[in-house]
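Readers should treat all values here as calculations from the given coordinates under stated rules, not as data from a laboratory. Everything quoted here is computed from the prediction, not taken from an experiment. Glycine gets a Cβ as well: all are built from the backbone with ideal geometry, and neighbour counts include every protein chain shown.
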Amino acid sequence: MENTQNSSILKKLFGLREASLALIIIAFAALLSFMAPGFLSTYNINTTLIGLSMDGILAVGMTLVLVVGGIDLSVGSVMAFANVLAGMTMVTLGLNIWLSVFISIALSVAIGFSISQFITKIKLSPFITTLSMMSIGRGLAYIITKGSPVSIGEISQTFDFIGGGKTFGIPNPGLILILLVIVMDFLMRNSKTFRKIYYVGSNEEAAKFSGINVNKTKIMVYILCSSLAGFAGILNLARFGVATPTVGTGAELRAIAGAVIGGASLTGGEGTVLGAFLGIILVALVNNALVLLGVSVYWQQLVVGLVLLSAVIIDMKVHGSK
Amino acid sequence: MSKLLEMRGISKSFYGTQALKDVNIQIEPGEIQAVCGENGAGKSTLMNIMTGILQPNEGEIIFEGEKLSNLDPRTAQEKGISIVHQELSLCPEVSVAENIFMGRVPEKRKGMVNFKQMRQEADKVLKRLNLDIDVRQPLGKLGISEQQMVEIAKALSINAKILILDEPTSSLTESESQILFDNLMRLKEEGIAIFFISHRLKEIFKICDSFTVLRDGVHVGDGRVEDVDPDDIVRMMVGRELDQAYPDRTTEVGQNILSVENISRKDEFENISFRVNEKEIVGLFGLIGAGRSEAMQTVFGINQPDSGRITLFGKDITANNTRENIDQGLIYITEDRKEQGLFLDMDLNANVVAADLEQVSQNSLIKKKKVKAIGEKFVEIMNTKYASLDQPVKSLSGGNQQKVLLAKWLAVDPRVLILDEPTRGIDVGAKFEIHTALRELSNNGHAVMFISSELPEILGLSDRILVMHQGKLVGELDADTATEEEVMMYASGRKNDFKN
Ligand SMILES: Nc1ncnc2c1ncn2[C@@H]1O[C@H](COP(=O)(O)OP(=O)(O)OP(=O)(O)O)[C@@H](O)[C@H]1O
Ligand SMILES: [Mg+2]
C-alpha cells in the first residue's frame, strides 16, 4: 500500500509539469512587472497576446506532430504561403475574401496531406520531408508576391474584426488561441481518435500489432498541423491587412520550443497542448522582457535558444536520459 | 578455490518498490551459477547492479579482491563483466557484424573501419554457434530468436571473466539452447564464471553447478545443484508446494473456426494449410527460421499472403487488416513484447486497453473510469506484480511485462487466439496458471493456437501438434502419442508427411 502511495505522489509530481510551468510564468511575470513598469499596461499585454497567438496556433499543431513521433519544420512557411495566397487572390484576382480564405485553407490541407503521403507511403523521414516543404512553401510565398509585401486594404469588416477586434476586452486572435487550446487539449486527453496519436508515437510497431491504423493517424496529424499553420497565416492577414511573404520566419523554432518546453518529447509519445500553450507563453514573455528592458531584438533568437536548451536539460534530468 | 566476485548486503529500491534487500551472492572461476526466482524477484536488478547499469542503495561489490565502488557499465566491461540482457539490446538498423563488434570495431588505418575483417570475424563467431546468417543485413531483419543468438554470439566473443546470461534461452528451442550450452561448457573449461538465469529448471539442472534463489528481493537459499531436486528449488522460489501438471486435454473437439488453405509468402513460407477448431489447442513447433511467426502474422493480417485463402467462421478474411480481424475475434499475441507488443513508456492501463479503445469509449471519448476498471481487472487476472497502475510498463520485471501483454489481449475478449511464445519469460508458477487459463478458454469454446520453442510445453498443452521446417508444414501429430524425438525429427527436416 505504501508503494502505491509513493509512486502516485511521484506520478503527480511528474504530472505537475503544466503546473510548475504556470508557476514559473507567474513568477516571471511578477518579476517583470517590477522591473519594467510598462509590462502590465493593457497595450503591452494585448500586443504580446496577439504576437503569441499565431505562434501558439502553430505550437498546437506542432504538439500533435511531435507526439506522433514526427516533426514539422514547414509550419512557418505554410503560414506565409496561406497568408500571401489569400491576400493576393483577393487583390490581383479580385476574389471574394471568404473564397480566398477557403482556397488558402484548402491548399494548406493539401500540403499537409502531401507531407503525410511522403512520410507514410514513400517512407521519407519527417525531417527531410518538411525541411523541403519549408523551402517550397517559402519559395511559393515569394513567387506569389514577387518578394514584397502587398496591402489588401479594408476589404471586410468581419475579416478585420477577427484579426483586430476584441471580444470581452480580449483581442480576438488571443481568444481564438485560447478556445483552440481548450478544445485540442480536451481532445488529446479524451478523444479515442486523438489518443491513438500517443500510441503510435510511443511504439509504432506495437500500435500496428494492436490494430491501430498507423498511417491514418499520421495523415490526420500532418493535415491538422498544416491546416492550423494555414489558419495562423489567415489570422495574420486579418490582423495586419498585409500579405507578407516573410511572415512566420523562424516560427517553427518557436513552435517546437514551446511544445518541448511544455513537455513534448522529440522521440514521440509525450506532450500536451496545454503544456505547449504555456511553453509558448514563456517564450513570448522572455522576448517581451528583452524588448521592455531595452535589449536589442538581435538577442531574442539567442535567448529563445538558451531557454529551450535549459528546458530540455531539466527535462532530461527529471525523466532520465534516453 | 578463491572467489572471483562477491556481492555483499546489496539493497536496491525504486521509488518505494524494494527490489533487493540485503542480498549476498558470490561466484568462483569456472563456476556456472543459476539465479532463480519468480517474476519480479529481483534477478535482473541484481545482475544490472553487477554490471554497473544500476547503482545499489547499499552493499558492496568485490571483484578479484578489489572493492568496486560507483561501478559504471564501461568499467564493468573493462574489468571483464559481460552481460546478455533479458530484453534484446542491440541496434536493429545496424548490420549484424557491426552489432557484434559494437564499441570495438577492427580498424584499417587510423579511424577507418575494416569492414572486411569485421565481417569475416563476425562470420567466425556465428559459425561457432552453428548460425548461418548473412552478417551484412540489418539485425532487425532477423527473427527474435536469431537476434538472441547474435546477442549471445557477441557476449561470447568478448573476452569476459564473468558472463551473465539473463534468460538467454527464453526464445530458443532446445537444439539452439544445446549449442549455447556446449559453448558455455567450453568457457567454463577456460575458467570463466557464468551467471545463468532461466525459468526452465531442466536447463539449470543440466548445466549449472550451483544456485542462488531470490524471493521478493530477499536471498532465500543457495547451494550445489547436485544436492537438490527441481521441487526443492521451486519450493524455495514460491515458498510453498506447487502443482505443475499440465491441464487435461480436450475430450471433444468442436466445429471448425479458423481455416487456412495453402497460404504462401515469398521467402517466408510456402503452402501452409491448417485448421483450428473450437475447444481445441493446437501447438505449432519449429526451429529458428522455420517461418512460424511470419505465417501466423500473415493469418492475423499484418501482411497479406501472396496466395492462398484464410477463412474465419466460414467467412473469407484473407484480405482483412488487423483491425477487422480483432473486431471479428481473431487475435495474435506477438513473441516480441518489446518491439511489437507493449508501449513501454506508457502506463499499465493504457497498455491493457490499447487493442480495444472502443470498449472503453463512449461517443468517441475515452472514459477514464472504464480504462481503470478494465486495466485493473485484467492485470489482476494475470496476477501481475506491480506497484501502481500508473507506472510505465518498462519499470516492470520481464515476466510481468509479458503478463501485461497477455492481459491486453484477453481484454479484447477474443474467440480465436494465436499466441506466439505466450510464456516467454514467465516463471514456473505463473506458467502453470497460464496453461490452465488457456485450457479453460478452449473448453469454453475458444480456438487456441500457440507457438512455443519449448518442447515439453508443446507436448503438454496441445491437443494437436503442427511442425514447420524451413517455411513448410512438415508434420501433424496427435499430442497424446507424440514424443519429443518424433517432433524433433520433423522440425529438423528428417521427416516430412506432406512431401509433394
Ligand atoms: N526501473 C524500475 N523502476 C521501478 N521498478 C523497477 C524497475 N526495475 C525493476 N523494478 C521492480 O523491481 C522488482 C524486481 O524486478 P526484476 O526485473 O529484477 O525481476 P526479475 O527477477 O528479473 O523478474 P523476471 O523473471 O520477470 O525477469 C520488480 O518488482 C520490478 O517491478
Ligand atoms: Mg528479469
### Query
Cα centroid distance between segment A:190-209 and segment B:428-498, in Å?
34
### Förster radius 35 Å - calculated FRET efficiency between residue B:362 and residue A:22, Cβ distance, rounded to 0.05
0.70
### Task
Using Cα pairs closer than 8 Å and at least 6 residues apart in sequence, work out the relative contact order for chain B, in percent.
16
## Note on the structure
Note: probe point = Cα of residue A:266 + 7 Å toward Cβ; backbone nitrogen < 20 Å; residues of segment A:62-92 passing the test are A:62-77
#### Entry: For segment B:339-363 versus segment A:108-134, the gap between their alpha-carbon centres in whole angstrom
28
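When the chain is fully extended, how far beyond the present Cα-Cα distance does residue B:433 get from residue B:102, taking 0.36 nm per residue of separation?
Details: separation 331, 0.36 × 331 = 119.16 nm, distance 4.00 nm.
So the extension gain works out to 115.2 nm.
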### Summary
For peptide B:331-338, the mean count of other chain Cβ atoms within 10 Å per residue Cβ is 2
### Query
Could you give the nm distance between label points at residue A:215 and residue A:114, where each point is 7 Å from its Cα heading toward the beta carbon?
1.9
## Note on the structure
Note to self: C-alpha centroids of segment A:290-315 and segment B:202-228 sit apart, in Å, by 59
### Query
Hey, quick one: spin label on residue B:136, modelled 7 Å out along Cα-Cβ, who in segment B:97-123 has an amide N within reach, i.e. under 16 Å?
B:97-99, B:114-123
### Task
For segment B:5-238, just the Cα set please: Rg and Dmax, both in angstrom.
18.0, 58
### Task
Between residue B:182 and residue B:18, with labels modelled 7 Å along Cα→Cβ, what's the label distance in nm to one decimal, could you check?
4.7
### Query
Where a Cα-Cα gap under 12 Å defines reach, which aspartates and glutamates qualify for residue B:266, not counting those fewer than 8 residues away within the same chain?
B:294, B:306
### Task
Sticking with the crude label model, points 7 Å out along Cα→Cβ, report the distance from residue B:72 to residue B:218 in nm, one decimal please.
3.6
### Task
Provide a whole-number value for the mean count of partner chain Cβ atoms within 10 Å of the Cβ atoms in peptide B:339-347.
6
